[in-house]
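One structure below.
Derivation of every value follows stated rules applied to the coordinates shown; laboratory data play no part. Quantities reported herein were computed from a predicted structural model and do not represent experimental measurements. A quick note on method: Cβ atoms are made from the backbone with ideal geometry, for glycine too, and the neighbour counts reach across all protein chains shown.
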Amino acid sequence: MSLAAIDWNSLFGSVFVFDNYGELLSLLRNSVWAGAVLGLVGGLVGTFVMMRDLAFSVHGIAELSFAGAAAALLVGSDVVTGSLGGSVLAALIMGFMGLRAREGNSFVGVLMPFGLGLGILFLSLYEGRSSNKFSLLTGQIVSVSSLQLTSMIVLSVVVLATMLVMWRPLTFASTDPLVARAKGLPMRSLAIVFMVVLGISVAMSVQIVGALLVLALLITPAAAAMNLTSSPARTVVLSVVFAELAMVGGILLALGGNVPISPYVTTISFVVWLVSRCVRAVRERSSSYRRSTPRSTTPLGAGRAVQSRTRTAAGSTLSEAGSGPNRSPSP
């Protein structure tokens with residue numbers, strides 16, 4: 001089908017529909033609050049994910065979270081509990097193994113298709129509504145009940161309290177692990193606790209964003225913040241702001257559309273990252289230009305006069321030294 005054959009009016013009409021928007025917003029206010037909670041947690045945890053180079057691990061945990069949610073859906077149990085169990089299990093395995101970067105990436109690469117295959121198997125055996133299957137992969141905003149919102153708030157408080165307690169040692173271990181190990185910090189314990197916190201964050205994100213696109217919440221905002229600043233504190237603040245913008249903005253747009261929430265969240269996250277990358281490129285170009293431009297304030301011709309005076313002073317000093325008394329012992 002050619003581009004000319006596409007009915008752009010109907011396409012945009014299905015993406016952006018704002019009929020009875022006020023009523024929808026009041027009915028789905030739990031979803032907006034859930035997005036705000038996830039933005040706070042995702043922006044905070046995602047900063048340390050980027051510092052510790054665990055972006056690939058997030059995807060592996062998300063696949064096991066998807067498998068746990070699909071298994072719970074199959075047996076008729078709570079999907080949130082199944083998702084939380086799968087993600088925490090994957091996080092504990094990664095944390096206790098304590099693999100190096102290359103081995104860790106290989107392990108996550110093996111774990112991802114295994115979790116995705118299990119999830120697809122469980123969904124194929126599930127005979128319920130197909131919308132429940134689709135929401136596990138791409139997210140769902142209309143199914144956030146008051147009980148789910150309360151559980152998300154409780155889990156978020158646990159995550160934030162844990163991060164507050166281990167803030168200083170975790171920052172030290174993430175920015176300079178060699179010195180932190182030499183100082184005697186419990187690196188393995190910090191890694192295990194952080195992986196559990198990451199697993200809880202992924203399980204909460206899967207409920208809204210879906211298992212396939214959870215990286216848009218836990219990776220992209222933090223990566224955009226790191227393009228703008230190198231300060232850990234400012235990075236956390238900007239990451240939370242960008243995550244809130246993507247989550248809350250994506251939910252507000254998805255409430256007025258006929259497509260899942262994931263395209264809105266991922267698009268906003270990508271646009272924010274793209275703008276931050278352009279700002280970083282402009283800064284790097286301007287700083288390199290300033291370094292390459294000479295900053296000499298000496299007027300033209302003054303350099304030769306200075307060199308002439310320097311040579312004259314040096315010559316007079318040598319002549320005075322040569323005409324002075326001979327201090328060597330006489331024969």
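Can you bin region 191-279 into rounded, prolate or oblate? Criterion: square roots of the alpha carbon gyration tensor eigenvalues sorted a ≥ b ≥ c, rounded for a/c under 1.5, prolate for a/b above b/c, oblate for the rest.
oblate
May I ask you to derive the FRET efficiency for residue 281 and residue 26 from their Cβ-Cβ distance with R0 = 51 Å, giving the value to the nearest 0.05?
Step by step, r from the Cβ atoms, then E = 0.75.
Take region 233-289, compute every pairwise Cα distance, and split them into 10 Å bins from 0; I just need the percent in each bin.
Spelled out bin by bin, region 233-289 gives 23, 39, 25, 11, 3 percent.
From the phi of every residue in region 186-203, what ³J(HN,Hα) in whole Hz does the Karplus formula 6.51 cos²θ - 1.76 cosθ + 1.60 yield, where θ is phi - 60° and glycine or proline is x?
x, 4, 5, 5, 4, 5, 5, 5, 5, 5, 5, 4, 5, x, 5, 5, 5, 4
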